[in-house]
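Read through the structure below, which is laid out as structure tokens, and then see the notes.
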Amino acid sequence: MEILLTQLFNGLSYSSFLLLIALGLSITFGLMRVMNMAHGDMIMIGAYVTYSVQLIFVSMVPESLFDYYFILSIPIAFIVTALIGLLVEKSLIRFLYARPLDSLLATWGLSLIFQQIARMIFGAPNVAVTAPSWLNGNVEIASVVLPYKRLFILVLVCLCVLGLYYYLVKTTAGRRMNAVTLNRPMAASLGINTRKVDATAFALGSGLGGVAGCALTLLGPVGPTVGTNYIIDAFMIVILGGVGKIKGTVLGALCIGLLSTFTEYGTSATIAKVVVFAFIIIFLQWKPSGLISTRTRVLD
Amino acid sequence: MAKSTKISFSILFLILALAPLLMSDFRISLLAKFLCFAIIAVGISLIWGYTGILSLGHGVFFGLGAYAVGMYLKIQASPGGIPDFMQWSGVSELPLLWKPFANPVFALFMMIGVPVALAFIIGFFTFHNRIKGVYFSLISQALVVVFVTLFIGTQELTGGTNGLTNFTTGFGVYLTHPVVQKVLYYITILILLLIVLISLWLTQSRAGKLLVAIREGENRVRFLGFNPTTFKVFIYCVSAAFAGIAGGLFVLQVGMISPEMMGIIPSIEMVLWVAVGGRYSIFGAVIGAVLTNSAKTFFSESYPDMWLFLLGSLFILVVLVMPNGLVGVAQSLYAKWFRFKTSKKAGGTSYDANTNLQ
């Protein structure tokens, strides 16, 4: 029973982390039909921002305040990656609208460049981020050990999802984003500036990637290619959940996270990868457009 | 077949055939490796340029072909028939999976058979459900992750991260002998020639025209009474077979194969070769593979740090500035200089990717 609960918690924790990465991808793909392979590097940049904030705190801020660096680094990572995302959108992505395959190749190239820049600034070896002391330790509920770090990530992701949901459903800007996702020409003819919506969405998606990078520093060391490890799982979530639907992305992340944690526990990490992949292929036989999809009469 | 294609291929193969007279053995062995890559590129041009399916997973087919031949060579090279890495993992008898690979004919057969079988399974279950475009690309990329993890994870069967290496003899000859290497180079040229001829014939045929039709409007093809799934699975299998053959030739020449060579980055680089040369042209695919890899060798020898920047920029440049690759650039230059002559031919295969969003 304890083992089951522990695995359930680990699965939830892994799902929530993947969800944070997949959200940004899902929004941008749903809206612009652009596959952003450089999204993984937003995670990497977010993680390095956290590392840099930590270095600055070590050298410039009194030691008693050191523990607060992590709280500060989350908004900083969000802002930095969102700005980089905006820059990428303005300089590259806007030429690639509705060309998913081309955007995939071009952003892959961008990703290589980002990784090389990171390698030149921070060096090829991994760097470690010291977690603030208030995140060390764990709480035991019904003899299941829950580390604070993982709980923190879980809460962070919940806040992000709720915030995003609020933004998309309640605010004017978010509703515009929804409208453009559903029907671009119609939204444009009703006076919505679709270019602006696209840029905002891309910045928002990249910012979420940055926050994911922040969370990643709690789980392990940071290297230039750290994002690539997660990006493909995140894409699988987007495919499984259905494109452009937050609800679908959440469900997809839960499926993949739980399935992979449980199979990994029962067998090995290798088998888990194979099982998850087979599951996705089989699942798509049943629902080719993902868990949640918009009904449409449009053919292609 | 267009006259220009005939002429360009004749010149290319003439240069390749004469190259050993002018270049050192080391350069020739590099060139032979690039020609293996050109074989993969032809397959990718068929599936991506002609049919519009972007596969980011051709590294797997290349790897499977290479491992099939590698297993045979490894058994040949191991005294007692049990490969060294198996002995380290405490395996005392050749696993059942390996046993048939002691037979070279079987190994060569599996070099094509395994990739085709995998392509058939994956292709059927995705294309059948009309999973296409970027979804298929991402699934094919996930396939790479699965296979790389699988090959690294089953160390006692596949040699793990190190892969298969330290081959000595195969098919009764010493593989590292200079004469054997030169013969292998010519065999590679012949196989490339054969594959180019098959592909050109295929693209001229009715089936080839249907592939282009699927690229331009899959539903229209369906409404005309054809089943696009059949054609897509077929062309996916063909290009997987080409990649498998290339893998087998690669392992004979280079003498090693490891999971790293079939990973995500090599797989997507394969697509880049084709994009650089010109995805709508078989000739473009061949020269794209040779030129991109020559550039890679040159830059990684001289400026290793700059190579990734160049590679990254190349991806962006090819997509934004020259979607039809070097062949496209050559065509438009040709059209500019001899405008009066070729006003019709120049536009050839321009492909308008800016379809509307909905």
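Give a residue-ordered list of calculated ³J(HN,Hα) values for the range A:133-149 (Karplus: 6.51 cos²θ - 1.76 cosθ + 1.60, θ = phi - 60°; whole Hz; x for Gly, Pro).
Here the 3J(HN,Hα) series is 4, 6, 9, 7, x, 8, 10, 10, 10, 6, 6, 9, 8, 10, x, 4, 4 Hz.
Once you've got the GNM for chain A with C-alpha springs shorter than 10 Å, pick whichever of A:A253, A:A179, A:A188 has the biggest mean-square fluctuation.
A:A188
For B:48-59, what's the mean count of beta carbons from other chains sitting within 10 Å of each residue's beta carbon?
Per residue, the number of nearby Cβ atoms from other chains is 1 on average.
Which shape class applies to the range B:205-347: rounded if a/c is under 1.5, otherwise prolate when a/b exceeds b/c and oblate if not, where a ≥ b ≥ c are the square roots of the Cα gyration tensor eigenvalues?
In terms of gyration-tensor shape, oblate.
Report the accessible surface area buried between chains A and B, summing both sides, using a 1.4 Å probe on protein heavy atoms only, in Å² rounded to the nearest 100.
Roughly 4300 Å².
What is the mean number of Cβ atoms from other protein chains located within 10 Å of the Cβ atom of each residue in peptide A:35-47, rounded to a whole number? Don't skip to the end; give the middle numbers.
Numbers: counts 5, 0, 5, 1, 0, 0, 0, 0, 0, 0, 0, 0, 0.
Average neighbour count from other chains, rounded to a whole number: 1.
Can you tell me the FRET efficiency between B:E156 and B:I265 if r is taken as the Cβ-Cβ distance and R0 is 25 Å, rounded to the nearest 0.05?
Plugging the Cβ-Cβ distance into 1/(1 + (r/R0)^6) gives 0.45.
What translational D, rounded to a whole number of µm²/s, comes out for the range A:60-141 from Stokes-Einstein when the hydrodynamic radius is the Kirkwood one over Cα pairs, at 20 °C and 1.002 mPa s?
So the translational diffusion coefficient is about 131 µm²/s.
Treating only the Cβ atoms of Lys and Arg (+1) and Asp and Glu (-1) as charged, compute the dipole magnitude of the protein assembly as shown about its Cα centre; round to the nearest 20 debye.
It works out to roughly 2860 debye.
With just the Cα atoms of the range B:19-261, tell me how far they stretch along each of the three principal axes, in Å, largest first.
60, 46, 26
Counting heavy atoms of the protein chains only and a 1.4 Å probe, report the per residue accessible area for chain B as a whole number of Å².
44
Could you give the longest part of chain A that holds none of the trypsin sites (Lys or Arg not before Pro) found in DSSP loops with at most 12 neighbouring Cβ atoms within 10 Å?
Segment A:1-294 is the longest.
Let's test the formula: R0 of 56 Å, r as the Cβ-Cβ distance of B:I121 and A:S64. What FRET efficiency results, to the nearest 0.05?
The pair B:I121/A:S64 has a calculated efficiency of 0.40.
How well do other chains shield peptide B:133-144, expressed as the mean number of their Cβ atoms within 10 Å of each residue Cβ? Intermediate values should be presented prior to the final figure.
On the way: counts 6, 12, 10, 2, 6, 11, 7, 0, 6, 10, 2, 1.
Partner Cβ neighbours, averaged per residue: 6.
Considering just Cα atoms, how many Å³ per residue does the convex hull of the range B:1-138 enclose? Before the final figure, lay out each step's value.
Numbers: hull volume 25.0 nm³, N = 138.
Taking the convex hull of the Cα positions in the range B:1-138, it is 181 Å³ per residue.
Please label the shape of the range A:107-236 as rounded, prolate or oblate, based on the square roots a ≥ b ≥ c of the eigenvalues of the alpha-carbon gyration tensor (a/c under 1.5 means rounded; beyond that, a/b larger than b/c means prolate, else oblate).
Oblate is the answer for the range A:107-236, as a/c is 1.5 or above yet b/c matches or exceeds a/b.
Please state, to two decimals, what the Cα-based radius of gyration of the range A:150-300 comes to when divided by 2.2 N^0.38 Å (N = residues).
Taking the Cα Rg and dividing by 2.2 N^0.38 Å, one obtains 1.18.
Starting from the Kirkwood radius over alpha-carbon pairs of the protein assembly as shown, derive D by Stokes-Einstein at 10 °C in a medium of 1.306 mPa s and give it in µm² s⁻¹.
Once the numbers are plugged in, D ends up at 60 µm²/s.
Could you check how much of the accessible area of chain B is carbon and sulfur, as a whole percent, using a 1.4 Å probe?
Details: 10900 of 15900 Å².
Exposed carbon and sulfur together represent 69 percent of the surface.
Enter the Cα centre distance for the pair the range A:23-68 and the range B:25-49, rounded to the nearest angstrom.
Here the two parts' Cα centres lie 39 Å apart.
Run the dipole for the range B:19-261 about the Cα centre, Lys and Arg Cβ at +1, Asp and Glu Cβ at -1, nothing else charged, and hand back the magnitude in debye, nearest 20.
Roughly 840 debye, rounded to the nearest 20.
Find the accessible area per residue for chain A; the probe is 1.4 Å, ligands and nucleic acids are left out, and the unit is Å². Walk me through the numbers before you get to the answer.
Numbers: 13010 Å² over 300 residues.
Ligands and nucleic acids excluded, the figure is 43 Å² per residue.
Can you tell which of B:H128, B:H177, B:H58 shows the greatest fluctuation in a Gaussian network model of chain B with Cα springs below 10 Å?
Between B:H128, B:H177, B:H58, it is B:H177 that shows the largest mean-square fluctuation.
Please compute the net charge surrounding B:V91, taking Lys and Arg as +1 and Asp and Glu as -1 over other residues with Cβ under 12 Å from its Cβ.
-3
From the convex hull of the Cα coordinates of the range A:2-286, what is the mean projected area in square nanometres?
One quarter of the hull surface, i.e. the mean projection, equals 16.4 nm².
Taking N as the number of residues in the range A:217-284, what is its alpha-carbon radius of gyration divided by 2.2 N^0.38 Å?
Against the empirical 2.2 N^0.38 Å value, I get 1.17 for the range A:217-284.
Once the dipole of chain B is set up with Lys and Arg at +1 and Asp and Glu at -1 on Cβ about the Cα centre, which of B:G247, B:L16, B:S4 lies farthest towards its positive end?
Farthest along the dipole direction, towards plus: B:S4.
Nearest 20 debye, what's the magnitude of the dipole of chain A about its Cα centre given +1 on Lys and Arg Cβ and -1 on Asp and Glu Cβ?
Its charge dipole is roughly 1220 debye.
Ignoring ligands, DNA and RNA, what percent of the accessible area of the range A:154-300 is carbon or sulfur (1.4 Å)?
Details: 4400 of 6800 Å².
Carbon plus sulfur share of accessible area: 65 percent.
What net charge is computed for the residues neighbouring B:F298, neighbours being all others with C-beta under 15 Å from the C-beta of B:F298, Lys and Arg scored +1, Asp and Glu -1?
Summing Lys and Arg as +1 and Asp and Glu as -1 gives +1.
Just how far, in whole angstrom, is the range A:219-236 from the range B:53-99 if you go by their alpha carbon centroids?
With the range B:53-99 and the range A:219-236 each reduced to a Cα centre, they are spaced 29 Å.
What helices does chain B have that are whole DSSP H segments, at least 24 Å long along their own axis by Cα, and with mean Kyte-Doolittle hydropathy of -1.0 or more?
Qualifying helices: B:3-22, B:25-44, B:58-77, B:104-127, B:134-153, B:178-204, B:228-254, B:282-302, B:304-320.
Which entries in B:K33/B:K232; A:K149/A:K245; B:K33/B:K182; B:K33/B:K296; A:K90/A:K247; B:K3/B:K33 show an alpha-carbon gap greater than 19 Å?
With Cα atoms farther than 19 Å apart: B:K33/B:K232; A:K149/A:K245; A:K90/A:K247; B:K3/B:K33.
For a protection proxy built on the mean count of beta-carbon atoms within 10 angstrom, sort B:301-312, B:206-217 highest first, please.
Answer by packing, highest mean first, reads B:206-217, B:301-312.
Between the range B:205-284 and the range B:1-16, how far is it from one alpha carbon centroid to the other, in angstrom?
22
If you take the beta carbon distance between B:T230 and A:T6 as r and set R0 to 56 Å, what does 1/(1 + (r/R0)^6) give as a FRET efficiency, to the nearest 0.05? Could you put the intermediate results ahead of the total?
On the way: r = 49 Å, r/R0 = 0.87.
E between B:T230 and A:T6, to the nearest 0.05, is 0.70.
The values are calculated or read from the model by the stated rules, or taken from the named source; none is laboratory data. The structure presented is a predicted model; accordingly, all values stated were derived computationally and were not measured. Note: ideal-geometry Cβ built from the backbone for every residue, glycine included; neighbour counts use all protein chains shown. Quick note on the areas: whole protein, heavy atoms, side chains included, nothing else; ligands and nucleic acids left out. Shrake-Rupley method; radii C 1.70, N 1.55, O 1.52, S 1.80 Å.
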